[in-house]
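The values are calculated or read from the model by the stated rules, or taken from the named source; none is laboratory data. On a predicted model such as this, the values are computed, not experimentally measured, just so you know. Please note: Cβ atoms are built from the backbone with ideal geometry, for glycine as well, and neighbour counts cover all protein chains shown.
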Amino acid sequence: MVTRLLLVRHGETDLNAHHQFQGQMDMPLNDHGRMQAQALHPLLVAEPIAAVYVSDLQRAEETRALVLAGRDIATITDQRLRELNFGAWEGLTYDDIQAQDAAALAAWEADMLNHAPPRGETLAQFAARVQAVVAGIRAQYADGETVLIVAHGGVLQLILCAALNLPPTAYWQFQVKPASLAEVVFYDAGAILNRLNVR
């Protein structure tokens, strides 16, 4: 059983540019983000993509449309591919949170796996929904097919952790740049990361 995943993070938004926690806020790409996504198109134009899975947030859908312009590929929109729900912290910078909610921030940083931001979700909950999507893809496309996932930085970091047998708490060890391409091939015995942050 072999499944090849191409992973694309959405292009830049205004919240990305201002280093604000975006989470599940439904923000569009900014002009720079659209240019980033368009620049990725040549890398995907010849890829034999069997299906596309995309987050339902507009920045991911906009990116999908731009990187696959001119191609008609079966697309599944899945809410489980949304970014981590940062709850009350969405729209704030790290410094804002530190100033407004230092105790909750410290508790979250001490145990992200089991502790959620106020009105948000834990890393364990986030990882479970992302891993369920990947498990479904691997079960359905196990004969060497290529599947494209267009989603968010945290989602792709968790996919990389799972592929390389790292715990979800290691997600921060992967920097996934906006509008970049990664490639992971899953085999029965494990997975190989072939590319990361290709533009």
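Table for the structure above
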item: Selection within the stretch 44-71 - over 16 Å from Arg4 (Cβ atoms) and surrounded by fewer than 16 Cβ atoms within 10 Å (Cβ to Cβ); result: Val45, Asp56, Gln58, Ala65, Ala69, Gly70, Arg71
item: The stretch 71-115, residues that are free of Cβ contacts under 8 Å to residues at least 24 places away in the same chain and small (Gly, Ala, Ser); result: Ala99, Ala102, Ala103, Ala104, Ala106, Ala107, Ala110
item: Residue match in the stretch 180-192 (condition: at pLDDT 95 or above, charged (D, E, K, R) and part of a helix (DSSP H, G or I)); result: no
item: Check on Ala17, in contact with a strand residue (DSSP E or B) (Cβ under 6 Å, 6 or more places away or on another chain) and either exposed (fewer than 15 other Cβ atoms within 10 Å of the Cβ) or closer than 23 Å to Val134 by Cα (or both); result: no
item: Candidate set from the stretch 34-80 (those that are touching a strand residue (DSSP E or B) at 6+ places or on another chain (Cβ under 9 Å), among the charged types (D, E, K, R) and assigned to a loop (DSSP other than H, G, I, E, B)); member that is nearest to Gln22 (Cα to Cα); result: Asp56
item: The listed residue being among the charged types (D, E, K, R), more than 15 Å from Gly154 (Cα to Cα), within 17 Å of the chain's Cα centre (by Cα) and surrounded by fewer than 17 Cβ atoms within 10 Å (Cβ to Cβ), out of Asp26, Asp96; result: Asp26
item: Residue list for the stretch 134-144, filter: surrounded by fewer than 16 Cβ atoms within 10 Å (Cβ to Cβ) and not in a helix (DSSP H, G or I); result: Ala142, Asp143, Gly144
item: Those residues of the stretch 23-46 which are closer than 11 Å to Arg59 by Cα, in contact with a helix residue (DSSP H, G or I) (Cβ under 6 Å, 6 or more places away or on another chain) and not acidic (Asp, Glu), in sequence order; result: Met27, Pro28, Leu29, Asn30, Ala37
item: Selected residue (criterion: farthest from Gln20 (Cα to Cα)) from residues of the stretch 89-133 that are charged (D, E, K, R) and in a helix (DSSP H, G or I); result: Arg129
item: Subset of the stretch 178-199 (residues that are surrounded by fewer than 16 Cβ atoms within 10 Å (Cβ to Cβ) and either basic (Lys, Arg) or in contact with a helix residue (DSSP H, G or I) (Cβ under 7 Å, 6 or more places away or on another chain) (or both)); result: Leu193, Arg195, Val198, Arg199
item: The stretch 1-14: number of residues that are touching a Lys or Arg at 6+ places or on another chain (Cβ under 9 Å) and either over 21 Å from Gln157 (Cα atoms) or surrounded by fewer than 20 Cβ atoms within 10 Å (Cβ to Cβ) (or both); result: 1
item: Filter pass, Arg34 being of a type outside the set (Gly, Ala, Ser) and either farther than 22 Å from Ile159 by Cα or crowded, with 22+ Cβ neighbours inside 10 Å (or both); result: yes
item: Among (1) part of a strand (DSSP E or B); (2) in contact with a His (Cβ under 8 Å, 6 or more places away or on another chain); (3) at positive phi - the single one Asn197 does not satisfy; result: (2)
